[in-house]
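Working notes for the structure below.
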Amino acid sequence: MSSTELPGVRSASEAFSQVGAVHVAEGEQLRIAVLPGLELAVRSRPPLRTGLPPALFVHGLGGSSTNWTDLMAQLEDSVDGEALDLPGFGWSPPPADRDYSVTALARAVIRHLDAAGRGPVHLFGNSLGGAVSTRVAAVRPDLVRTLTLVSPALPELRVQKSAVPTALLAVPGMAPLVGRLTRGLSAEERTRGVTALCYGDPSRVTPEGFAHAVAEMERRMALPYFWEAMARSSRGIVDAYTLGGQHGLWRQAQRVLAPTLLVYGGRDQLVSYRMARKAAAAFRGSRLLTLPEAGHVAMMEYPGIVAQAFRELLDDTDPDAPDTRDAPGIRDTEDGRG
């Protein structure tokens with residue numbers, strides 16, 4: 001029985017027939033997982049061989065499952081990978097309750113893992129997805145084998161100036177205002193702005209990748225819930241930053257039991273590079289990978305290096321994992337220096 005024949009799962013062609021073309025990279029598959037009050041688009045990459053451990057990839061604010069395409073391709077010999085579109089992003093419709101808090105998004109990830117029966121997984125998260133994955137690992141340790149966080153959105157006392165505009169989306173009424181003020185920008189101009197903000201070196205984006213990003217930007221901007229999803233998710237991050245006690249993200253980071261890999265970029269304009277040491281101290285027994293030339297999405301800029309670091313984590317922490325230290329997919333020329 002294929003995944004699209006499972007109860008509660010719709011095929012991509014059925015779900016997307018009314019909304020236009022969907023970009024699926026070679027070797028990937030896309031489906032819709034249907035849960036009560038929640039539908040999630042799930043992008044998967046079948047492993048090179050059976051029996052590989054499952055992995056789940058969670059994107060950041062304004063991103064989608066395509067943010068993980070390159071890394072999933074690098075790791076197809078090591079894990080059975082899936083990347084989901086969080087509610088209201090990518091090809092996932094908004095949640096029925098319109099709750100975009102970090103807790104609600106973590107609950108969506110947990111519900112998906114419970115329904116799919118894939119846990120425990122190697123869990124990856126970037127930015128907002130890093131905060132979500134931290135919460136999942138803290139409250140449901142049974143679902144997480146290892147945790148890999150790329151520039152996780154954990155509370156900072158001094159937010160970088162370049163991150164302020166994103167934080168301002170959380171202010172009530174600000175998102176519609178931004179929408180009106182930027183109405184004249186083309187999808188290409190918006191995409192260049194996002195690329196300049198998220199990449200340490202925007203020239204690493206291929207022409208094909210940029211074209212796909214422009215098409216996706218154009219599609220998303222036409223969605224009636226685009227600004228609501230951005231605003232409510234931004235508010236969710238801000239709210240999570242203010243939580244104290246056992247629900248605080250730093251407190252939950254200290255509760256994570258899974259072996260953890262932390263990845264930080266020296267040119268990150270959204271999550272400060274200086275948070276790397278604090279995170280390394282908070283996640284017990286964690287290992288830290290710093291890439292001085294990378295920005296906010298190191299898994300997109302340097303997928304080979306991030307894949308290599310994960311393989312080392314896998315080899316050291318999972319005695320049953322296949323030895324992939326000499327895997328052919330590793331790009332030795334990527335050294336983080338551009």
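Which of the numbered conditions does ASP201 fail, given that it passes all the others? Conditions: (1) in contact with a Gly (Cβ under 8 Å, 6 or more places away or on another chain); (2) at pLDDT below 90. Only one criterion is unmet by ASP201, namely (2). On inspection, ASP85 does not qualify as open to solvent by 10 Å² or more (accessible area, probe 1.4 Å), under 23 Å from TYR302 (Cα atoms) and under 15 Å from the mean Cα position of the chain (by Cα).
Would you kindly identify the helices (runs of 4 or more DSSP H) lying entirely within the stretch 250-325 that contain at least 1 residues that are open to solvent by 10 Å² or more (accessible area, probe 1.4 Å) and out of contact with any helix residue (DSSP H, G or I) (no Cβ under 7 Å at 6 or more places or on another chain)? Result: 275-282, 303-317.
Evaluating GLY236 against the criteria (1) touching an Asp or Glu at 6+ places or on another chain (Cβ under 9 Å); (2) in contact (Cβ under 8 Å) with a residue 60 or more places away in the chain; (3) under 19 Å from ALA25 (Cα atoms) leaves one unmet condition, (3).
Results for (1) in a strand (DSSP E or B); (2) among the hydroxyl-bearing types (Ser, Thr, Tyr); (3) under 17 Å from ASN126 (Cβ atoms); (4) modelled with pLDDT of 95 or more, shown as yes or no for each residue.
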position: LEU56; (1), (2), (3), (4): yes, no, yes, yes
position: GLY63; (1), (2), (3), (4): no, no, yes, no
position: ASP70; (1), (2), (3), (4): no, no, yes, yes
position: ALA73; (1), (2), (3), (4): no, no, yes, yes
position: SER78; (1), (2), (3), (4): no, yes, no, yes
position: GLU82; (1), (2), (3), (4): yes, no, yes, yes
position: LEU86; (1), (2), (3), (4): no, no, yes, yes
position: SER92; (1), (2), (3), (4): no, yes, yes, yes
position: PRO95; (1), (2), (3), (4): no, no, no, no
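Look at the stretch 184-210: where a residue is among the aromatic types (Phe, Trp, Tyr) and a partner is part of a helix (DSSP H, G or I) and crowded, with 18+ Cβ neighbours inside 10 Å, sitting 6+ places away or on another chain with Cβ atoms under 7 Å, you get TYR199/GLU301; PHE210/THR191.
Residues are listed down the side, and each one gets a yes or a no for (1) within 15 Å of LEU154 (Cα to Cα); (2) at pLDDT 90 or above; (3) hydroxyl-bearing (Ser, Thr, Tyr):
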site: GLN246; (1), (2), (3): yes, no, no
site: PRO259; (1), (2), (3): no, yes, no
site: TYR264; (1), (2), (3): yes, yes, yes
site: ASP268; (1), (2), (3): yes, yes, no
site: LEU289; (1), (2), (3): no, yes, no
site: HIS296; (1), (2), (3): yes, yes, no
site: TYR302; (1), (2), (3): no, yes, yes
site: ALA307; (1), (2), (3): no, yes, no
site: GLY338; (1), (2), (3): no, no, no
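If you scan the stretch 48-77, which residues turn out to be free of Cβ contacts under 8 Å to residues at least 60 places away in the same chain, surrounded by fewer than 22 Cβ atoms within 10 Å (Cβ to Cβ) and of a type in the set (Gly, Ala, Ser)? If the condition is that a residue be free of Cβ contacts under 8 Å to residues at least 60 places away in the same chain, surrounded by fewer than 22 Cβ atoms within 10 Å (Cβ to Cβ) and of a type in the set (Gly, Ala, Ser), then GLY51 is the only one that fits.
The values are calculated or read from the model by the stated rules, or taken from the named source; none is laboratory data. The shown structure was predicted, so the numbers you read here are calculated from the model rather than taken from an experiment. Cβ sites come from the backbone with ideal geometry, for glycine too, and all protein chains shown count toward neighbours. Just so you know, the surface numbers come from the protein's heavy atoms only, side chains and all, with ligands and any DNA or RNA stripped out. Shrake-Rupley method; radii C 1.70, N 1.55, O 1.52, S 1.80 Å.
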